[in-house]
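Colleague: The structure that follows is given in the form of structure tokens.
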Amino acid sequence: MTIADLDVEPASTGRARRIMAPSRSVALFVIGLCTLIVVTGSVRWASRAAHLLWVSPYDRDNDTVTLTPTTLFVSHRATLTAYDLAGGAVRWSAPAPAVVPTTPSEAGGVVVAPAAFERYFERPDLLLSRTTLTIARDARTGEQLWMAQGAPQDVTAQSVLLLDDTGDVPQLRAVAPRDGRTLWSRAAPGLAGVVVAGDAVVTADTGGRLTVVRYADGSTTRTEKVPWPGNARLTVAAGRLIVTGQGPTGQTNTVYRPDTLTEMWRAGGALFDCHAVVCGAEPRGLAGYDPDTGARRWRQPGMTVAWPVRTDRIIASSELSGQFQLLDPATGRPLGEAGAGGGAGTWRPDGRTVVSDPAAPSSAYEVRGDGTIVRLDLGTGGQDVEGTIDGGGWVGCRNVAKYLVCLQSSRLTVAAIG
């Protein structure tokens, strides 16, 4: 059997430095690492092996990653650099804000990232800031396409949604990705939250008024006043709106239809998006709730969190035991063997790591404590050993197209797979 030793420096240096990009002030990077471990007896040796392409330094405390099928964008020490994924060659580099590392988003060949920040609270142990400027660059050349006031809220190939909250009245504006021309704009007085739900933008003000506007043209389609605790926040899960508040007995959630703003159901605890269902953390397990009724479709005892790896697959795991299980989110049906042990799995995109790949992956990857790389087949749940990699301090791995990118405390490794 062939095992690829990935701990080999490439013949030529001067490759990529760090992977890219955080972006906003308080980007919590908590759930970012997914612990997946594999039961040795259920793992097969693969006939193919991962092949090292290049290695680069990486600082898990300061660097962040934006990964596309062809490019790694790295924000490090006030520099944003685009690296060719296949060989690590520098495509371009440009200045980036030094206050907070920026996390660009890429869509339709345009890279959109925060360009300037304003500090609004600072003490020795805490710095809070907000984005005041956004810049767009050509993803291939790095050429500046436009710069505009506000912070990016959503980036697609058709539109970039910006929020400018530096003035007396917050302003929402959708602009064209290539030239920055305004598609629509509207004032959002008393803004307390903004989310994108399908083809709509939904805002909440401090009085609890929800307003639904068409993403395409900014026209209002619905507005309703709902209960809004003083510390409430607005999120989206399984295509439904969730208003979450913190009360004396814990977290409370009210779920609404985004088109009619009709209240659908309520639940306590933490709710999060599992695509086909709304996932929720229960006292002794993880549950999948019907998005329309809140009825529990399934329950996984012992699990504490889950994240989608594609629309029809989630990975549930325990933050206490390290156990993990691939599931069909619609039914909760386990796929393949459960795993447990010590290693780091597929990193979960968050405020510091972004993966932009429209293709549904067929596999996910994890690194065991001894450096063994294991491929998890997302169709069947089967596990195959792909090779080995040296070192510790694992953040996890992500695959995009034919590449596998693994992050450690002090370096990143790019390998060819498939």
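Colleague: Suppose the chain between THR141 and ASP377 were pulled fully straight at 0.36 nm per residue; how much longer would it get relative to their current alpha carbon spacing?
Modeller: So the extension gain works out to 81.4 nm.
Colleague: At a 1.4 Å probe, what is the % contribution of carbon and sulfur to the accessible area of the chain?
Modeller: 49
Colleague: Let me ask another. Of SER75, SER362, which has the most accessible area with a 1.4 Å probe, and how do the rest follow in descending order?
Modeller: From most exposed to least exposed: SER362, SER75.
Colleague: How much of the calculated P(r) for the range 293-361 lies past 18 Å, in percent of all Cα pairs?
Modeller: 43
Colleague: What would the Debye formula give as log10 I(q)/I(0) at q = 0.17, 0.21, 0.23 Å⁻¹ for the alpha-carbon point model of the range 245-311, no solvent?
Modeller: -0.62, -0.91, -1.05
Colleague: Between ARG233 and ALA330, how high is the FRET efficiency from 1/(1 + (r/R0)^6) when r is the Cβ-Cβ distance and R₀ = 30 Å? Nearest 0.05.
Modeller: That pair, ARG233 with ALA330, gives E of 0.65.
Colleague: Sort 405-413, 288-296 by packing, meaning the average of other beta carbons within 10 Å per residue, with the highest value first.
Modeller: For the peptides 405-413, 288-296, the packing ranking is 405-413, 288-296.
Colleague: What size of dipole, in debye to the nearest 20, comes out for the chain about its Cα centre when the only charges are +1 on Lys and Arg C-beta atoms and -1 on Asp and Glu C-beta atoms?
Modeller: 340
Colleague: Do me a favour and compute the ellipsoid semi-axes for the range 45-182 from its Cα gyration tensor, root of five times each eigenvalue, largest one first, whole Å.
Modeller: Rounded to whole Å, the semi-axes are 29, 20, 13.
Colleague: At q = 0.10, 0.14, 0.20 Å⁻¹, what is the log10 ratio I(q)/I(0) for the range 218-362, with the Debye formula run over Cα points and no solvent?
Modeller: So the normalised log intensities are -0.38, -0.74, -1.29.
Colleague: For ASP199 paired with SER362, estimate the spin-label separation in nm (one decimal), with each label point 7 Å from Cα along the Cα-to-Cβ line.
Modeller: Here the modelled spin labels are 3.3 nm apart.
Colleague: Compare GLU106, GLU224, GLU366 by solvent-accessible area with a 1.4 Å probe and give them largest first, with all protein chains kept in place.
Modeller: Accessible-area ranking of GLU106, GLU224, GLU366, largest first: GLU224, GLU106, GLU366.
Colleague: Name the residues of the range 245-288 whose amide N is less than 20 Å from a point 7 angstrom out from the Cα of THR156 along the C-beta direction?
Modeller: Zone members listed by number: 257-261, 273-276.
Colleague: Rounded to whole Hz and in sequence order, give me ³J(HN,Hα) for the range 314-330 from the Karplus expression 6.51 cos²θ - 1.76 cosθ + 1.60, θ = phi - 60°, writing x for Gly and Pro.
Modeller: My calculation for the range 314-330 gives 10, 10, 9, 8, 10, 6, 9, 9, x, 5, 9, 8, 6, 10, 7, x, 5 Hz in order.
Colleague: Using the 2.2 N^0.38 Å rule of thumb for compact globular proteins, work out how the chain stacks up: its C-alpha Rg over that value, please.
Modeller: 1.00
Colleague: Considering only protein heavy atoms, what per residue accessible area in square angstrom results for the range 162-209 with a 1.4 angstrom probe?
Modeller: 45
Colleague: Moving to a separate point now. Suppose the chain between ARG186 and ASP312 were pulled fully straight at 0.36 nm per residue; how much longer would it get relative to their current alpha carbon spacing?
Modeller: Full extension of this stretch gives 41.8 nm more.
Colleague: Hey, what's the range 333-418 come to in accessible area per residue, 1.4 Å probe, Å²?
Modeller: Roughly 32 Å² per residue, with all protein chains present.
Colleague: Which three numbers, in whole Å and largest first, are the semi-axes of the equivalent ellipsoid of the range 207-258 derived from its Cα gyration tensor as √(5λ)?
Modeller: That gives 23, 12, 8 Å for the three semi-axes.
Colleague: Another question about this same structure. So for the range 143-279, taking the charge dipole from beta-carbon charges (+1 Lys/Arg, -1 Asp/Glu), which of VAL255, VAL155, SER219 sits furthest toward the positive end?
Modeller: Value computed over the given set: VAL255.
Colleague: Report the extension gain between ASP59 and THR262 in nm, rounded to one decimal, defined as 0.36 nm multiplied by the number of residues separating them, less their alpha carbon distance.
Modeller: So the extension gain works out to 68.5 nm.
Colleague: Turning to a different aspect of this structure: Stokes-Einstein diffusion coefficient for the range 279-320 at 20 °C in a medium of 1.002 mPa s, Rh from the Kirkwood formula over Cα pairs: what value in µm²/s?
Modeller: It diffuses with D of about 202 µm²/s by this estimate.
Colleague: Dimensions of the range 128-272 along principal axes (Cα, Å, largest first)?
Modeller: Answer, in whole Å and largest first: 52, 33, 30 Å.
Colleague: Can I ask one more? List the residues, sorted by chain then number, that are 5 or more residues from GLY87 or on another chain and whose placed amide H is less than 5 Å from its amide H.
Modeller: Under 5 Å from the amide H of GLY87: no residue qualifies.
Colleague: Still on this structure, please answer the following. Pop out the ³J(HN,Hα) list for the range 194-207 in order, Karplus 6.51 cos²θ - 1.76 cosθ + 1.60 with θ = phi - 60°, rounded to Hz; leave Gly and Pro as x.
Modeller: 9, 9, 10, 10, x, 9, 10, 10, 10, 10, 10, 9, 5, x
Colleague: Which values of log₁₀ I(q)/I(0), to two decimal places, follow from the Debye formula for the range 339-418 at q = 0.17, 0.18, 0.19, 0.27 Å⁻¹ with a uniform point scatterer at every Cα?
Modeller: Scattering profile of the range 339-418, log10 relative to I(0): -0.63, -0.71, -0.80, -1.57.
The values are calculated or read from the model by the stated rules, or taken from the named source; none is laboratory data. No experiment lies behind these values; they were computed from the predicted model shown. Note that we place each Cβ from the backbone using ideal geometry, even for glycine, and neighbour counts take in every protein chain shown. Remember, those area values only see protein heavy atoms, side chains included, never the ligands or the DNA or RNA. Shrake-Rupley method; radii C 1.70, N 1.55, O 1.52, S 1.80 Å.
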